[in-house]
Every structure is written in C-alpha cells, then in structure tokens.
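Student: Provided herewith is a single structure, encoded as structure tokens, for subsequent inquiry.
Nothing in this text is a laboratory measurement; each read-out follows from the coordinates by a stated rule. Keep in mind it's a predicted model, so treat the numbers as computed, not measured. Positions of Cβ are backbone-derived with ideal geometry, glycine not excepted, and every protein chain shown enters the neighbour counts.
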Amino acid sequence: MRAPMPVSAALLGLLFTLAAGTAPAQKYGGTLQALQTANPPSLSLHDETTFLTGFVMQPVYNNLVYYDPLQGRESLETIIPELAERWQWNAERTRLTFTLRGGVTFHDGRPFTSADAKSTYDIARGASTKRTKLNPRKAWWFNVKDITTNGDRELTFTLKRPQPSLLAMLAAGFSAVYPAHLPPADWRTKAIGTGPFVLKDFKRDQYLLLEKNLGYWVQGRPYLDAIRYHVIPERAARIAAFAQKQVYIEPPADTTRPMMEAYKKAQPALTFQETPRTAYPHVVFNTNKPPFNDARLRQVVSLALDRVAYDKSVFKGGMVQGGINLPPPAGAWGLPASELASLPGYGDIEQSRAEARRIMTELGYSESKPLKVKFLTRTLTFFVDSSVWIASALKPVWIEAELQQEETGVAAGMLARRQYILSFFSAGGHVDDPDVNFYEHYGCGSQRNYSDYCVQEVQALFDRQSEMTDNVERLKLVREIDKRLVTDVARVVFGARINFNAAWPHVKNYVPHQTHYSYGRMQEVWLDQ
C-alpha cells in the first residue's frame, strides 16, 4: 500500500467535513443520547472483546490509523491517519514504519510519544511483563518480531514474514493507543486517552458520560458537547426510550429485524440503516471435556440446526447465511451461497437430522436416553432468544440443553477459562480480513479459540494465505479454508446477522460499518436541532 502524504490535524478535520458532503451545515453543541444494552464488562479496549466496551470507549482514544468513520465499507483503502501522520513499508514488506503526530497530549496533560505506542502494542502482543491476565487479541500480533522507536515521532513494526493485514488490524477499534504511564492493571477502571471525548462519569446500571475534549488535536472537533450512554437492558424499556426521544441511537449490534419493527410501530419517525455485520451467531463446544471432545457429537449439533429456520424464527429474515467469514457482497472474503449449499448442515434438514440420530444411536443415545448438557448464554435479548431456539432444535436429535444465563462479563470470563460445556455466542472479525478471524477464533493457542480447535495442517494454511499479496489467489485459498472449518465443525455457524441501526434523523454523520467494532470515535457526529 502506498503511504499517504502527511496530513495536518486541521486538514484532517477538513477532509472529514468534505467527505460528509455537508460542509456548511454542521452544528456544534448538544449531548448525544445513546443507548447501551448492558454495562461494559470493563473500560479497557485491550482486555475486552464486546462492543459493549468498544462502543463507549472508542471516543476516548485514538489509534495510529483508523477506518474512515464516514465510509461504511472498511478496507485497506479506507484507512486514514490518526496518531500517525503517514506510514511506509520496506521493499520486502516486513517493516512498517510510522511517522507520528507531534503536539498531541493525553487527557491528563502528558504528551503522546512513540514510547506510548510501543508500550501499548508490546503489551497487546504479550511481549511486556506489564500484561494483565486477559489478552484476547494476542493472536493478532504473532507475526510481529519487534517494535522499535527512533526518537519521539517514529515507530517501526518488524515482522517475521510479510503480512499485509497488519495495517488493517492496527486500524481496528480495539487497537487504541494507551499511555505508557498508566499501568495495565488500571486500564479496566480508568480511561486516559488522546481522543475527542473525556470520561466524566460512569454509574453502573445507569449511564456512562463522556464530555468534549477541549484540547483535542483535530481542529474543530468534536461537534458534540457530550455523549451519554444510557444502560437499558429491558427490551420494552428500550422501545419506550426511543419513542419518547430519550435516546437517539442504538448500539451497533441490537437492532434486529423484530426490534426494528417494534421501533417503527412505537415511533414512525425513526430511521434505519441496514448493515450486514462481521459478527456471526454460532455455537461453541468445550472440546477438552466430555461429551464434545467426541467430534461425532459436534457433527450431530451441526446437523440438527436448520439455519434457514433459525433466521426466520429469531431474526425474521434479518440474517445472511454464511460460513466463517462475512459473505458477499458486504464481505470481501466469505463464501457465496452457491458454495455453502453442499456443506454439512446447510442441506436438507430432515436428511441432516436423520443422519444426526443415526450417529446418536451409534453413540448409545436414544429418545428415552438423551444427552443432557448445560448450555451457557448471555442475558442479552437475542442471545436468550437464540439459545431457546437452539435448545428446542436439539431435542429431535436427543440432546437436552439446559440454559444457563449469565451477564456478559461473567459469560465471557467463563468462555475464556473454558468453564463451560456448550455455549451460544456471537463474535467474529473485528476487521473484515481472514487473518483476524482465522487466528483469533481458530488458531492454535488463541484465548478466543473457545472450542480449542487446533489442526496443524489448517494452521499452515492460515499462514500461507496470510502472506499472500495477490488477493485473487488469496480469496481462493481463504474460501477453501472456510469450507474446511465448517466441515470440521470447529464451531456451528449460522451466518451473518443484519443490523438495522435505529436512529433519530437529527443525528448526522453517524455511519454504521460492516464491522460493528470500528466506527465509534464519534468526532464527526453532530445534532441537527
């Protein structure tokens, strides 16, 4: 990728304005009233994986580079400078050097330098003794050999081999730069960034309040005076809050088609932006413990679940069937429908369930002697709805799944510690790039590989596609890997959810992306009122 020319903070703000196409109209002031469906498990972007943290914390920070918030499709071509003014690859594409922006300060007044960026990414990749116990994206940085500085304004990543996706991962919403002087042990409870907003107050089960950073390095930003994220878990209460204009936007993952219809009925003036998302609903297994250490039982679960019926029942047609990666046209790397039909679990459901019962009989189970398992799920609405449907769908193949509902932070911790047997989850690539999805969710030893799927042959294929610079050839291999992961039942994947992104029309420049983790900066959002 050709490195961009240096961009001043003032010019960067102007470019954002021109891209929005509304240069004369922006207004300053006001508080954005945003909905949050649950408490963030913590305030640390580097410790958490959920949008519940990402959505509320991205406005506090900056990355070296970031996906343009005004473009809905994320790719290498939509990456813009943030704390880095420009970047440059060497000829072998094994060294990526950033020239950093000067004159930037953290919210506590300390200057931002290359030491802060080095400290952040050394911690993220597990190369620092400062690291906290949680490190969910360590797998992203396995190919980084070293990170070095040259003065306060130059930072270089040295790689073990070429990896074009490194820049894409650095642009992700969870790749924010933290101050080196704040110990990682404090990241979960304190928020000191360089971003457009400053954390003012957080009252659990009530709200999180961010206020405008008056010393923000982008001239003229942000437009808003503040953002208040209201924590409202109950579905009926959320609908009422929208109808009464107590909240203006919903978080980027909760407006399913049924919720959209409920919002429309309550308040016809609301607008909706339809966006297929890289996060996909799926079932994971603890393969380290009986009974799902037996691959045949994992196959039974996959064969039992009718993907089409699941979509119709839970999402009312608000899902796109897919494999491991986001399917086209929203995604650049996923399997098209024509290649999905022949995979196990995507064909005729009655034949699939008959095969599932044959396997269960072979394993000694029957209608009168079912397999009984605990089924972990989060308390979020669509998690519960999905889990109830899955439990019902498993009964015809003689599996009785007893729901165990846990708050988001508890459930995530149980998965990370492998304190579960069977679980429904919704996760995916924080970036629409195979490296993120493959290594994080299916890579040997990854904390986020909740099923602990580990096949060295497949791992070698991950590495092979990762260093390819020919995207046509890379796509062919990526799709073959996708088919293999589906066939191996590393997880049972349903497809990609569609989010309908509810908002009041007076909220401007709020552009949902196809990944719901990397557009929460909010510095371009303004209120037309």
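Student: Mind listing the phi-derived Karplus ³J(HN,Hα) values for the stretch 284-293, rounded to whole Hz, using 6.51, -1.76 and 1.60 with θ = phi - 60°, and x for any glycine or proline?
Tutor: 10, 10, 8, 7, 8, 10, x, x, 8, 6
Student: A further question follows. Please give the calculated 222 nm ellipticity per residue for the chain, where each DSSP H segment of at least 4 residues contributes -39500 (n - 2.57) and the sum is spread over every residue; nearest 500 deg cm²/dmol?
Tutor: Dividing the helical sum by the residues of the chain leaves -8000 deg cm²/dmol.
Student: Compute the FRET efficiency between Thr158 and Leu214 as 1/(1 + (r/R0)^6), taking r as their Cβ-Cβ distance and R0 = 41 Å, and round to the nearest 0.05.
Tutor: 0.60
Student: Please give the Cα centre distance for the stretch 40-62 versus the stretch 451-478, rounded to the nearest Å.
Tutor: Cα centres, the stretch 40-62 to the stretch 451-478: 29 Å.
Student: Of all beta bridges DSSP finds with both residues in the chain, what is the antiparallel percent, to the nearest 5?
Tutor: Roughly 75 percent of the DSSP beta bridges within the chain come out antiparallel.
Student: Another question, then. Could you run the Karplus curve 6.51 cos²θ - 1.76 cosθ + 1.60 with θ = phi - 60° over the stretch 477-485 and give me ³J(HN,Hα) per residue in whole Hz, x for Gly and Pro?
Tutor: For the stretch 477-485, the Karplus curve yields 5, 4, 5, 5, 5, 4, 4, 5, 5 Hz.
Student: Going 7 Å from the Cα of Leu475 toward and past its Cβ, which residues in the stretch 316-355 have a backbone nitrogen under 17 Å from where you end up?
Tutor: 323-340
Student: Let me ask something else. Multiplying the sequence separation of Glu92 and Thr129 by 0.36 nm and subtracting their Cα-Cα distance, what value in nm do you get?
Tutor: 10.3 nm
Student: Under the √(5λ) rule applied to the eigenvalues of the Cα gyration tensor, what semi-axes describe the equivalent ellipsoid of the stretch 279-498? Give them in Å, descending.
Tutor: They are 27, 19, 18 Å, listed from largest to smallest.
Student: Arrange Tyr519, Tyr28 by Cβ neighbour counts within 10 Å, fewest through most, would you?
Tutor: Listing Tyr519, Tyr28 from fewest to most nearby Cβ atoms yields Tyr28, Tyr519.
Student: Take the Cβ-Cβ distance between Asp205 and Lys27 as r, set R0 to 30 Å, and report the resulting FRET efficiency rounded to the nearest 0.05.
Tutor: Efficiency, from the Cβ-Cβ distance: 0.40.
Student: Let me ask something else about it. Within 10 Å of each residue's Cβ, count the other Cβ atoms and sort Ser392, Ser446, Ser518 from fewest upward. Mind showing how you got there, number by number?
Tutor: Details: Ser392 11, Ser446 21, Ser518 26.
By the 10 Å Cβ count, ascending, the order reads Ser392, Ser446, Ser518.
Student: Label Ala416 and Ala185 with points 7 Å out from Cα along Cα→Cβ: what is the distance between them in nm?
Tutor: Placing both labels 7 Å beyond Cα along the Cβ direction yields 1.7 nm.
Student: Also, quick follow-up: Sequence-distant or interchain residues sharing an amide H contact under 5 Å with Glu154, placed H: which?
Tutor: Leu100, Ser114
Student: When the chain is fully extended, how far beyond the present Cα-Cα distance does Asp146 get from Arg358, taking 0.36 nm per residue of separation?
Tutor: Between Asp146 and Arg358, full extension yields 71.1 nm more.
Student: Starting from the Cα of Asp348, step 7 Å along the direction of its Cβ; do the same at Ser366; then give the gap between the two resulting points in nm.
Tutor: In this crude label model, Asp348 to Ser366 measures out at 2.7 nm.
Student: I need Ile349, Ile390, Ile481 ordered by Cβ neighbour count within 10 Å, fewest first.
Tutor: Neighbour counts put them in this order, fewest first: Ile349, Ile481, Ile390.
Student: Under the definition of Cα pairs under 8 Å and six or more residues apart, what whole-number percent is the relative contact order of the chain?
Tutor: It comes to 23 percent, rounded to a whole number.
Student: Sticking with this structure for a sec: How much of the DSSP beta bridge set in the stretch 279-498 is antiparallel, as a percent to the nearest 5? Show your work: numbers first, answer last.
Tutor: Numbers: 12 of 22 bridges.
Counting DSSP beta bridges with both partners in the stretch 279-498, the antiparallel share is about 55 percent.
Student: Please compute the modelled spin-label separation between Glu234 and Glu274, points set 7 Å along Cα→Cβ, answer in nm with one decimal.
Tutor: In this crude spin-label approximation the distance works out to 3.2 nm.
Student: Sticking with this one: How far is the Cα center of the stretch 399-448 from the Cα center of the stretch 67-107, in Å?
Tutor: Their Cα centres are 30 Å away from one another.
Student: Now, a different point. Can you give me the relative contact order of the stretch 279-498 as a percent, contacts being Cα pairs under 8 Å and 6 or more apart? Intermediate values should be presented prior to the final figure.
Tutor: Working: 383 pairs, mean separation 75.5, N = 220.
Relative contact order comes out at 34 percent.
Student: So what J values fall out for the stretch 42-49 if you push phi through Karplus, 6.51 cos²θ - 1.76 cosθ + 1.60 with θ = phi - 60°, rounded to Hz, Gly and Pro as x?
Tutor: Result, rounded to whole Hz: 7, 8, 8, 5, 8, 9, 10, 10.
Student: Something else about it: Note the full-extension length gain between Ser392 and Gln529 as 0.36 nm times their separation in residues minus their Cα-Cα distance, in nm to one decimal. Don't skip to the end; give the middle numbers.
Tutor: Numbers: separation 137, 0.36 × 137 = 49.32 nm, distance 4.76 nm.
Extra length from Ser392 to Gln529 when fully extended: 44.6 nm.
Student: May I ask for the distance between the Cα centers of the stretch 205-228 and the stretch 289-362, given as a whole number of Å?
Tutor: Distance between centres, Cα-based: 43 Å.
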